[in-house]
Structure formats: C-alpha cells, structure tokens
C-alpha cells in the first residue's frame, strides 16, 4: 500500500496535459449571470475535446477582481483557468484604484470566446414601454431610481455612469456580487432599472416580468425585433461599451504548449453546431480566434474605458 501511494504522484506527473486531474474554470461572478451561463456551456464543449472534467468555481466580488486575483496567483500548470470578461480584463484595472491585477502582465491570454448583447429593462410596474417613456420616467424620479451592477468598477457600473452622463439622469448605483443577484434585485423592486446581458434576462422578459426598452448590440436581436439598439437611438458609444465579451486566461507563467492546447480545445468546441445553436439562442455571438486576438480586445477596450473615465470623471468612489 505504501509503495502504491508513493508511485501514484510520480505516475500522474508523467501524464500529458490535461490528463493529470480535472481543470478548474474560475468565473469571477456569482452563478446565474450571463458570464456563468457562457462559462458552463463552453466548459461542457471543451470537456468533450479534452476527455477531462472541467468544473466551475464561482469567485464573486469586487466587480470581478477577486476571481481575477485567484487565477493570477494560481499554479501556472493549466489546471486553473480564468473566465476573463470585459469587466475583469478591461474595466477593473482602469477604474479600480485597488486593482491588484494587470491583465496583460499577470495573465497569458488564451482565446476570445463570445460577445453578448445587453438589454435595458424595467418591471411592468414602472409603466414604461419604450425608450422615450423610460427617459421621461427616469428624469421625473431622479435619484429615487437605482440600477444594480456586478460591483464597483465593473462594466455595469461604468455603463450606469455613462447613461447618467449621456442622458442627463441621476440614477443611483447599487453594487452586487454578480449579475444573478442584480436581476433578482430588479425583479423584486430593490432596483428600478436593469442593465444586463441578454441571456440571464431572457426568461424574465419572455415571461413578462421585465419590459425591455433598448438593447446594446450590433443589430436588433432576433428575439426582440421591436426593441431598438442604443446606436439607433443616437448613442453609439454607449452601444459599443455595453456589448460584453469574454475570453479565457491563465497565469502568466503558464507554458505556451498548455496555452496552445487550451486554445485548440476552445476553438474546436466553439465550431460545434450544437454549442453554436445553444449560444445563438441566448443572443450570444461566438468569437474564437488566437491569443493575440484577445490581447487586442483588451488593449482596445481598455483605451476606450480610460478615455470615458477621464472625460466623465468616473471613480471607484461612486
């Protein structure tokens, strides 16, 4: 028995990646939000490619920063992978003074996964049926109306401040630990306006519990053909900012061979018709690509957010 217990670790270390043990995929937000939904679908597809279990660990808090830190400080062996989002890779590092992760230094970018349209909605009790009615009601109620986000310094926080600035509103910000709780806050009346990625709001919109008045997307959503984009309404910068994207990241010292294996598995999963159909049904656009593609997305979005923060004086003290 003693010989067996000594031999197993040595044997395990000789196995090619990722056969040694299951892979942990860290999602930096609470379960139930769009980030979590996309992560679970992609993990399922990658499991089939790897013939290895990929399990989700939700590490919520600080607008995605806690989950990002967990991944940055993990062993660089490919068995801890991060689901990086626009918030954790391009917003937190710009907005949060306390941000302790610099994505392009502390991570290796693996692959862009997907982009998701956002929807702006209110409960039926608000009496709002379109964008013009929303503006009228929001201006009337002033700071009595609140909007939730997945945390201070998250993209939802920045979108709220941009909405207030561009539309002349004074809606309050209430931070949560993920978009799942944000949606619940809108359904319960704790917040009056919802800014969310479409997948996590879709069931509530279809059931009539939320009324959409605008979307942020490259074109109108097939599921909501009557709802205009912010670009159509005259706010192209807001429209671009509110289109969320995701990608996979690993600790900076991870071997390039492991990064390549993860990239190959993710791209192979993303071209599977079944996964594409499931993501498309949720209003998700499949991306895929190279590590360099994700680096470029981080650089371009960070520059956009930095300009927005400087122009509008957005701080993490809001």
How much length is gained on full extension from residue 19 to residue 166, taking 0.36 nm per residue of separation minus their Cα-Cα distance? 47.8 nm
Label point 7 Å beyond Cα of residue 133 along Cβ direction - residues of region 200-237 with amide nitrogen under 15 Å: 208-214, 226-228
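Can you give the percent of C-alpha pairs in region 13-65 whose distance is more than 17 Å? Before the final figure, lay out the partial values.
Working: 562 of 1378 pairs.
Result: 41 percent of Cα pairs exceed 17 Å.
What relative contact order, as a whole-number percentage, does region 118-241 give when Cα pairs under 8 Å and 6 or more residues apart are counted? Can you show the working numbers first?
Details: 215 pairs, mean separation 41.8, N = 124.
Relative contact order here is 34 percent.
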Under the rule a/c < 1.5 gives rounded, and otherwise a/b versus b/c splits prolate from oblate, where does region 228-308 land using the Cα gyration tensor? oblate
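Pairs of alpha-carbon atoms within less than 8 angstrom and 6+ residues apart define the contacts here; what relative contact order does the chain have, in percent?
Details: 656 pairs, mean separation 85.4, N = 318.
27 percent.
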Using R₀ = 45 Å, calculate the FRET efficiency as 1/(1 + (r/R₀)^6) where r is the Cβ-Cβ separation of residue 268 and residue 184; round to 0.05. 0.80
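Over region 1-160, what is the relative contact order in whole percent, taking alpha-carbon pairs under 8 Å and six or more residues apart? Intermediate values should be presented prior to the final figure.
Details: 183 pairs, mean separation 36.1, N = 160.
Relative contact order here is 23 percent.
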Range of Cα positions in region 82-163 per principal axis (Å), largest first: 47, 28, 16
Nearest-0.05 FRET efficiency for residue 125 and residue 299, computed from C-beta distance (R0 41 Å): 0.45
Hey, quick one: spin label on residue 226, modelled 7 Å out along Cα-Cβ, who in region 254-288 has an amide N within reach, i.e. under 20 Å? 283
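Sum -39500 (n - 2.57) across every DSSP H segment of at least 4 residues in the chain, then divide by the residue count to get the 222 nm mean residue ellipticity, nearest 500. Walk me through the numbers on the way to the answer.
Values: 13 runs with 140 residues, N = 318.
It lands at -13000 deg cm²/dmol.
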Quick one: if you stick a label point 7 Å off each Cα along the C-beta vector at residue 237 and residue 105, how many nm between them? 2.8
What's the angle, to the nearest 10 degrees (0 to 90), between helix 131-141's Cα axis and the longest principal axis of the chain? 80
Which entry in [x] 24.6, 86; [y] 20.2, 76; [z] 20.8, 72 is this structure's computed Rg and Dmax of the Cα atoms in Å? [y]
Specify the residue with the greatest mean-square fluctuation among 179, 65, 297, computed from a Gaussian network of the chain linking alpha-carbon atoms under 10 Å apart. 297
GNM top mover of 63, 127, 148 - the chain, alpha-carbon springs below 10 Å: 127
GNM on the chain, Cα springs under 10 Å; top mean-square fluctuation among 289, 78, 168 goes to 168
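Cα gyration tensor of region 118-241, axes a ≥ b ≥ c as square roots of the eigenvalues: rounded (a/c below 1.5), prolate (a/b > b/c) or oblate?
Working: a/c = 1.18, a/b = 1.08, b/c = 1.10.
Rounded is the answer for region 118-241, as its axis ratio a/c remains below 1.5.
Values in this text are rule-based calculations from the coordinates and carry no lab data. Bear in mind that the values here come from a model prediction, so they are computed numbers and not experimental data. Here the Cβ is made from the backbone with ideal geometry for all residues, glycine too, and neighbour counts use every protein chain on show.
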